[in-house]
Amino acid sequence: MTTLLADTWALTQRWLIHLRRDRMSLMLGIIQPLILLTLAGPLLHHIVRDAADVEAVRAFMRDRFATEDYLTFLFSGVAVFTILVNSVLGGIPIVFDRETGFMDKVLASPISRLAIPASRFVYVIIYSLMQVAIIGAVALALGVRPHGSALLAVAALVGYGALLAAGISVLSLALAFVFPHHSIFFAITGFMLSPLLILSPTFVARDAMPAWMQTAALLNPMTHAIEPIRAAFLGADAAWLASAGGLLAFDAACFALAVVVLRRRLD
Amino acid sequence: MSAVTPALEVQELVKVYPSGVRAVDGVSFTVEPGEVFALLGPNGAGKSTTIRVVATLLRPTSGAVRVLGHDVVSAPDQARAAIGYVPQEVALDRHLTARQHLELSGRLYRVPAAALRARVGELLALVELTDRADEPVKRFSGGMKKRLDLACGLLHRPRLLILDEPTVGLDIQTRLRIWRFVAELRAAGTAILLTTHDMEEADELADRVAIVDHGKVQALGTAAALKAGFGGEMVKADLGRTELEPAALEALRGLEGVSAVERRGRALLFTTAGARDLAPKVAAALEARGAPARALAFGPPTLDDVFLKITGHAIRDEA
């Protein structure tokens with residue numbers, strides 16, 4: 001176990017050197033979430049304000065969104081989306097390492113194989129939290145406030161965010177070993193992002209979706225990170241254990257798939 | 001079996017890819033500690049596949065591979081720890097400095113932190129990169145990158161060093177430097193397995209050479225033994241662009257002392273028992289046929305000649 005931790009840290013240090021050399025991508029990565037937060041938020045505010053029957057819309061919000069504070073509602077979704085994007089793209093350096101032959105040098109060494117996905121996972125979490133902290137600062141300025149305990153909200157964000165990132169980044173890593181070239185990797189991951197975003201409760205609560213979309217959202221791992229994190233920010237109750245269990249099952253399935261893929265790569 | 005555990009034993013190795021390609025078809029050889037062993041063959045002969053199996057990057061279809069007695073399938077981590085692997089293409093991370101690369105290599109092989117610092121310094125000095133140690137490698141020349149890549153493979157002091165085409169595409173200076181490193185490592189007792197399709201390199205560096213073609217070892221021995229087994233000496237006449245009539249070729253075949261003649265590119269190759277005596281006769285005969293030789297060479301066969309005789313084709317044909 002200590003060997004695995006040492007091995008993971010050895011590889012994580014390399015990703016942190018990348019981060020120091022390339023701070024630009026960290027900043028570029030928060031542009032999209034900030035756009036979602038600053039444009040989608042006012043859009044809905046506008047609809048509510050101009051509605052013929054403001055009280056009816058508010059009642060609808062309370063009923064289906066469990067809050068009238070759409071911006072805080074949206075922030076929890078955007079924070080999870082940021083983690084999702086970083087996790088989906090988590091395999092990219094591995095794609096390039098395979099193309100350059102660097103991966104062969106790593107695989108020819110006795111370092112724990114598990115340290116490769118583990119180091120990407122640790123890095124995705126560190127990287128995402130840095131971005132979410134910046135987005136959080138902007139959100140705070142826009143008026144987003146945790147309705148309950150701020151500490152609990154942050155703990156939920158880190159915990160459920162990590163559960164989501166684990167499965168997705170392992171999946172991304174497996175894809176990195178399957179596709180022979182980075183252009184295919186980018187095409188596949190690019191096409192995955194928008195359906196995951198739309199079929200999640202990022203913008204609209206699951207209760208306000210058409211029935212078929214609610215089913216789709218239930219199958220989307222993002223949903224099970226957003227809902228408990230959102231509840232923690234809104235000071236509401238959620239299916240804490242069911243969400244954690246769902247994410248853990250998803251993580252286990254991703255891990256099993258990755259093991260099969262990596263085994264076959266050696267033949 | 002010798003008293004000393006061989007650095008590498010490859011027994012009846014077969015590798016069939018999922019596509020059905022039989023890349024390695026029953027290869028066996030042994031590399032002793034302190035020995036430089038070259039796999040010589042054209043691209044696609046099975047050299048790289050063999051090396052990838054030894055480096056634990058591919059699973060063998062059948063046969064056994066042991067590194068210092070550790071089986072690569074049942075004890076891969078022990079085998080890995082004993083191997084230094086330097087791939088053909090330089091594989092460095094453009095964002096990392098030379099020192100960071102060496103530190104990472106040390107951690108990949110779990111070199112104790114206490115020893116790491118000193119070894120990084122030693123290796124930077126060995127590959128003459130001490131004064132550039134803290135620059136990102138994206139600013140390095142091709143030769144500097146290759147030297148650093150080699151140093152990365154040496155950091156954990158492997159007992160078996162694997163060099164896949166160590167000097168392909170490098171300038172002469174870097175090539176000679178790498179040859180010097182290999183000689184120094186060998187003197188220090190490191191076993192080295194290298195692949196090459198460069199005859200001169202195999203001749204210069206290797207204690208023993210295995211000629212590999214179509215996934216099989218076609219001949220194995222010291223370069224001197226392989227050449228001695230060739231059965232004769234060579235006279236080579238470079239004809240430039242001049243064409244030779246078939247009748248003229250027949251007449252040359254009849255010269256006294258010639259056991260075989262063949263055309264290889266622009267050159268005519270004569271096999272003979274006495275090259276020194278035959279050379280002036282070849283020159284005169286070509287002159288008389290109106291196809292004077294632009295250059296003439298004679299002497300013992302090169303590994304090129306041996307390779308051609310054994311495989312029936314020149315190494316560059318497929319390279």
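Numbers for the structure displayed
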item	result
Computed magnitude of the charge dipole of region B:8-226 (debye, nearest 20; Cβ of K, R +1, Cβ of D, E -1)	700 debye
Square roots of five times the Cα gyration tensor eigenvalues for region B:1-143, Å	32, 19, 14
Shielding by partners, peptide A:120-130 (average Cβ within 10 angstrom, other chains)	0
Relative contact order (%) - criterion: Cα under 8 Å, at least six apart; region: region B:231-300	48 percent
Equivalent ellipsoid dimensions for the protein assembly as shown as semi-axes, Å, which come from the Cα gyration tensor, largest first	64, 25, 21
Among A:LEU196, A:LEU71, A:LEU44, residue whose mean-square fluctuation peaks in a GNM of chain A (springs only between Cα atoms under 10 Å)	A:LEU44
Cross-link table B:LYS281/B:LYS309; B:LYS15/B:LYS138; B:LYS216/B:LYS309; A:LYS105/B:LYS15; B:LYS47/B:LYS146, entries beyond 26 Å C-alpha to C-alpha	B:LYS15/B:LYS138
Percent carbon-and-sulfur accessible area, the protein assembly as shown, ignoring ligands, DNA and RNA, probe 1.4 Å	60 percent
Pair-distance profile P(r), taking every C-alpha pair of chain A, with 5 angstrom steps and integer %	1, 6, 12, 17, 18, 15, 12, 8, 5, 3, 2, 1, 0, 0
The protein assembly as shown: antiparallel DSSP beta bridges as a percent of all, rounded to 5	65 percent
Residues in region B:89-116 that, when all protein chains are in place, have 30 Å² or more less accessible area than the chain alone would give (probe 1.4 Å)	B:ALA91, B:ASP93, B:HIS95, B:LEU96, B:GLN100, B:LEU104, B:ARG107, B:LEU108, B:TYR109, B:ARG110
Net dipole in debye of the protein assembly as shown [+1 Lys, Arg Cβ; -1 Asp, Glu Cβ; about Cα centre; nearest 20]	640 debye
Modelled FRET efficiency - R0 41 Å, A:ALA256 with B:VAL16, Cβ distances, 0.05 increments	0.90
Selected from B:VAL261, B:VAL53, B:VAL120 as most flexible by GNM, with chain B as the system and alpha-carbon contacts under 10 Å	B:VAL261
Unit charges at the beta carbon, dipole of chain A: most positive-side option, A:MET24, A:HIS224, A:HIS46	A:MET24
Charged-residue dipole, Cβ positions (Lys, Arg, Asp, Glu), region B:231-300 about Cα centre, Debye nearest 20	220 debye
Neighbourhood net charge (12 Å Cβ-Cβ; Lys/Arg +1, Asp/Glu -1) for B:ALA295	+2
Label point distance in nm, B:ALA247-A:MET192, each placed 7 Å from Cα along Cα→Cβ	7.5 nm
Cα lying deepest toward the dipole's positive end in chain B, options B:LEU226, B:MET199, B:THR167, charges on Cβ	B:THR167
Rounded accessible area per residue of the protein assembly as shown, 1.4 Å, Å²	44 Å²
Heavy-atom accessible area ranking, 1.4 Å probe, most first, across A:ILE35, B:ILE178	A:ILE35, B:ILE178
Heavy-atom accessible surface that B and A bury in contact, both chains counted, 1.4 Å, Å² to 100	2500 Å²
Whole-Hz ³J(HN,Hα) from phi, Karplus 6.51 cos²θ - 1.76 cosθ + 1.60, for region B:10-27, glycine and proline x	10, 10, 6, 6, 10, 10, 10, 6, x, 5, x, 5, 8, 6, 10, 10, x, 8
Chain B: Rg to Rh, with Rh as the Kirkwood radius over Cα pairs	1.06
Shielded residues, region A:224-267 - accessible-area loss of 50 Å² or more between chain alone and all protein chains, probe 1.4 Å	A:LEU266, A:ASP267
Convex hull per residue volume in Å³, alpha carbons only, for region A:1-103	144 Å³
Cleavage-rule hits (trypsin sites (Lys or Arg not before Pro)) in region B:143-252: DSSP loop, at most 15 neighbouring Cβ within 10 angstrom	B:ARG241
Residues along region A:67-112 losing 20 Å² or more of accessible surface when the other protein chains are present rather than the chain by itself (probe 1.4 Å)	A:THR100, A:PHE102, A:ASP104, A:LYS105, A:LEU107, A:ALA108, A:SER109, A:PRO110, A:ILE111
Hull-based mean projected area of region B:231-300, where the convex hull spans the alpha carbons, in square nanometres	4.0 nm²
If the convex hull is drawn through the Cα atoms of region B:187-319, its volume per residue in Å³	123 Å³
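The values are calculated or read from the model by the stated rules, or taken from the named source; none is laboratory data. Here the structure is a predicted model, which is why all the values come from computation and not from measurement. When we count neighbours, we look across all protein chains shown, and the Cβ atoms used for this are built from the backbone with ideal geometry, even at glycine. We work out accessible area using only protein heavy atoms, side chains counted, and drop any ligands, DNA or RNA first. Shrake-Rupley method; radii C 1.70, N 1.55, O 1.52, S 1.80 Å.
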